[in-house]
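Colleague: Next up is a structure, given as structure tokens.
The values are calculated or read from the model by the stated rules, or taken from the named source; none is laboratory data. Every value quoted in this text rests on a predicted model; they were computed, and no experiment measured them. Cβ placement follows ideal geometry from the backbone for every residue including glycine, while neighbour counts extend to all protein chains displayed.
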């Protein structure tokens, strides 16, 4: 059964990613909270807090059954009906402002009417721009996309820039990556692509983490990070479809909102100094670049 | 002209409230940012930061003209058309967890088709429950409502409990107050009620501020406050219609989001100790009480 294949893959991916992240952090250990969904299924939330590198983060899997709410059915342009949704979702907020925040998500949805699709992506949210990091991240995802289908990367890169965009700020959330949704067609090649994405996460992120983890930083950089984390919160609560879907379908609130950063600041009128490295980031977020 | 009467009142109310708050704080001074709206009109944002009592807050007025976006017109069940909107909006985040956060808003909307209405309210978000504070706040608002119309307080109190509710948490944002919207009818009595509301803000809040400002607190109480402020952010970004209206109509982002607290924490799985004063608050937020 397709849904079992997918769920099993997400669970084993969660295991291997958590192992790799614990090893990279050197101190952090994930703790697990298994939970059940009201209408069937459940999830395995794994949280890391107060690590050497990771201030807070989570690697969560879930596989739930339910009935589409009217609002969701309308958005999907189908009648209210039963659905099955499985996914893995990962957000890591490092303590150092020199190490970027990263997000990855892979998901599978199946409706009672037989329709099914995959969605997902990966994107990076640095606080300071290091060109080689941005290039590395994008190149890994380009390779995965192009192995699946020529020209795919350009499309998914553009989708990512469009999706992770804060309209009210005129800024991207970060330097992007890839984003896809409603990937329909033959199950096997699509599933193979999703497996390849899952298998590439550590390659895309850990080299950056290792390169930046010992970079010096102080109060100024921390202040900037806390300010930028505010934008992360704004995006997730104002725009993110996954957050809205989870909260609307009665998902586990703590597991959904583990994507929010541990400490955040909003300061009225806070703007970076002209010519500073902070301003450099804002410029990059206002005009998405071709990194790969 | 109605719109001039209302705008003039909001501006003078802003002056008198800011004076009273500066005096109460003893150190803080509001700084003013005037701004213009793309499609006509503008606002007067007044911000306080790093006061003796107020960590951050704002008392803003605006009076803008524009054309309803399709989404807004649909929500109001009218054709897209020109509108005029004026309002005063106030949010104060004190540093001390013993002093509650307070929010007040009064607004006036006028459509090209001749329809007009008032909306507004006031609500209190304490971090610890002091019964006499809650009773005081509600009694002030009850008096204002009952002077306008017998039975009005009960209705607006219930609307407030319903509006400031975080469905995903099953919690109210605070201990409520009053909330009203689409107040239509004869202009003069409605405007008189709105003026009475504006004039009652300082009575409703300053006695509480004075009573609590010297109460001792430490790291534990601060931690709890930062955690609860996360709920404030969740409400404002996920549910608040005013925030959505402002961002959708191209309002000034910094003025709209000044409602967000200056420092916030999200900690996975954070729960108050059984029997603690922190747990007492959560119980109150889960079951709205009759305070007046």
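Colleague: Anything in the stretch A:236-251 that is in a loop (DSSP other than H, G, I, E, B) and either surrounded by 22 or more Cβ atoms within 10 Å (Cβ to Cβ) or within 9 Å of another protein chain (Cβ to nearest Cβ) (or both)? List them, or say none.
Modeller: A:250, A:251
Colleague: Another one. Testing residue A:125 on (1) under 19 Å from the mean Cα position of the chain (by Cα); (2) farther than 19 Å from residue A:60 by Cβ; (3) in contact (Cβ under 8 Å) with a residue 60 or more places away in the chain; (4) more than 14 Å from chain B (Cβ to nearest Cβ), one condition comes back false. Which one is that?
Modeller: It fails just one condition, (2).
Colleague: Let me ask another. May I ask you to list the residues in the stretch A:56-75 that are touching a residue at least 12 places away in the same chain (Cβ under 8 Å), surrounded by fewer than 22 Cβ atoms within 10 Å (Cβ to Cβ) and outside any loop (DSSP other than H, G, I, E, B)?
Modeller: Residues satisfying the conditions are A:65, A:66, A:67, A:71, A:72.
Colleague: A further question follows. It is to be established whether one or more residues within the stretch A:181-202 are closer than 26 Å to residue A:80 by Cβ and either at the interface with another protein chain (Cβ under 9 Å from one of its Cβ atoms) or out of contact with any strand residue (DSSP E or B) (no Cβ under 8 Å at 6 or more places or on another chain) (or both). Lay out the reasoning, then the answer.
Modeller: Of all residues in the stretch A:181-202, those closer than 26 Å to residue A:80 by Cβ come to A:181-185, A:187, A:190.
Keeping just the survivors that are either at the interface with another protein chain (Cβ under 9 Å from one of its Cβ atoms) or out of contact with any strand residue (DSSP E or B) (no Cβ under 8 Å at 6 or more places or on another chain) (or both) gives A:185.
Yes, the stretch A:181-202 contains a residue that is closer than 26 Å to residue A:80 by Cβ and either at the interface with another protein chain (Cβ under 9 Å from one of its Cβ atoms) or out of contact with any strand residue (DSSP E or B) (no Cβ under 8 Å at 6 or more places or on another chain) (or both).
Colleague: Just to be sure before I move on: is residue B:140 within 14 Å of chain A (Cβ to nearest Cβ), within 30 Å of residue B:283 (Cα to Cα) and either touching a strand residue (DSSP E or B) at 6+ places or on another chain (Cβ under 9 Å) or surrounded by fewer than 24 Cβ atoms within 10 Å (Cβ to Cβ) (or both) in the structure I sent?
Modeller: For residue B:140, the condition - within 14 Å of chain A (Cβ to nearest Cβ), within 30 Å of residue B:283 (Cα to Cα) and either touching a strand residue (DSSP E or B) at 6+ places or on another chain (Cβ under 9 Å) or surrounded by fewer than 24 Cβ atoms within 10 Å (Cβ to Cβ) (or both) - is not met.
Colleague: Report, ordered by the first and then the second residue, all pairs with beta carbons closer than 6 Å, sequence separation of six or more or different chains, a first member in the stretch B:135-149 that is under 19 Å from residue B:205 (Cα atoms), and a second member that is at pLDDT 95 or above and not in a helix (DSSP H, G or I).
Modeller: That search, which allows pairs on different chains as well, returns B:135/B:291; B:137/B:124; B:138/B:291; B:141/B:177; B:141/B:178.
Colleague: Picking from A:228, A:213, which residue would you name as being under 22 Å from residue A:162 (Cβ atoms) and touching a residue at least 12 places away in the same chain (Cβ under 8 Å)? Reasoning before the result, please.
Modeller: On the way: A:213 fails: under 22 Å from residue A:162 (Cβ atoms).
After ruling out the rest, the residue left standing is A:228.
Colleague: Suppose we filter B:174, B:119, B:198 for residues that are crowded, with 18+ Cβ neighbours inside 10 Å and under 30 Å from residue B:277 (Cα atoms); which single one remains?
Modeller: On the way: B:119 fails: under 30 Å from residue B:277 (Cα atoms); B:198 fails: under 30 Å from residue B:277 (Cα atoms).
None of the other options fit; the residue is B:174.
Colleague: Right, next: Collect the residues in the stretch B:272-283 that are assigned to a helix (DSSP H, G or I) and either within 30 Å of residue B:31 (Cα to Cα) or out of contact with any strand residue (DSSP E or B) (no Cβ under 9 Å at 6 or more places or on another chain) (or both), keeping them in residue-number order. Spell out how you get there, then give the answer.
Modeller: So in the stretch B:272-283, the residues assigned to a helix (DSSP H, G or I) come out as B:277-283.
Passing the criteria: B:277, B:278, B:279, B:280, B:281, B:283.
Colleague: Conditions first: (1) part of a loop (DSSP other than H, G, I, E, B); (2) loosely packed, with under 13 Cβ neighbours inside 10 Å. Residue A:8 passes all but one, so which condition is the exception?
Modeller: Among (1) part of a loop (DSSP other than H, G, I, E, B); (2) loosely packed, with under 13 Cβ neighbours inside 10 Å, the lone unmet condition for residue A:8 is (1).
Colleague: Would you be able to say whether some residue in the stretch B:212-230 is at pLDDT below 95, out of contact with any helix residue (DSSP H, G or I) (no Cβ under 9 Å at 6 or more places or on another chain) and at the interface with chain A (Cβ under 10 Å from one of its Cβ atoms)? Spell out the reasoning first.
Modeller: First, the residues of the stretch B:212-230 that are at pLDDT below 95: none.
Looking through the stretch B:212-230, none of the residues is at pLDDT below 95, out of contact with any helix residue (DSSP H, G or I) (no Cβ under 9 Å at 6 or more places or on another chain) and at the interface with chain A (Cβ under 10 Å from one of its Cβ atoms).
Colleague: Moving on. Residue B:233 versus (1) within 22 Å of residue B:47 (Cβ to Cβ); (2) away from every other protein chain (no Cβ under 14 Å): which is the lone unmet condition?
Modeller: Exception for residue B:233: condition (2).
Colleague: Any chance the stretch A:256-271 includes a residue that's out of contact with any helix residue (DSSP H, G or I) (no Cβ under 9 Å at 6 or more places or on another chain), outside any loop (DSSP other than H, G, I, E, B), more than 30 Å from residue B:33 (Cβ to Cβ) and within 14 Å of chain B (Cβ to nearest Cβ)?
Modeller: Initially, the stretch A:256-271 is screened for residues out of contact with any helix residue (DSSP H, G or I) (no Cβ under 9 Å at 6 or more places or on another chain), giving A:258.
Cutting the leftovers down to outside any loop (DSSP other than H, G, I, E, B) gives us A:258.
Among the residues that remain, those that are also more than 30 Å from residue B:33 (Cβ to Cβ) are: A:258.
Imposing the further condition that a residue be within 14 Å of chain B (Cβ to nearest Cβ) reduces the set to A:258.
Yes.
Colleague: Take the residues in the stretch B:16-35 that are surrounded by 16 or more Cβ atoms within 10 Å (Cβ to Cβ) and closer than 24 Å to residue B:209 by Cβ, then tell me which one is farthest from the other protein chains (Cβ to nearest Cβ).
Modeller: Residue satisfying both the conditions and the ranking: B:24.
Colleague: Do the conditions hold for residue A:38, that is, is it within 14 Å of another protein chain (Cβ to nearest Cβ), farther than 19 Å from residue A:259 by Cα and in contact (Cβ under 8 Å) with a residue 40 or more places away in the chain? Break it down into steps so the answer makes sense when it comes.
Modeller: Values: within 14 Å of another protein chain (Cβ to nearest Cβ): yes; farther than 19 Å from residue A:259 by Cα: yes; in contact (Cβ under 8 Å) with a residue 40 or more places away in the chain: yes.
Considered against the rule, which asks whether it is within 14 Å of another protein chain (Cβ to nearest Cβ), farther than 19 Å from residue A:259 by Cα and in contact (Cβ under 8 Å) with a residue 40 or more places away in the chain, residue A:38 comes out as yes.
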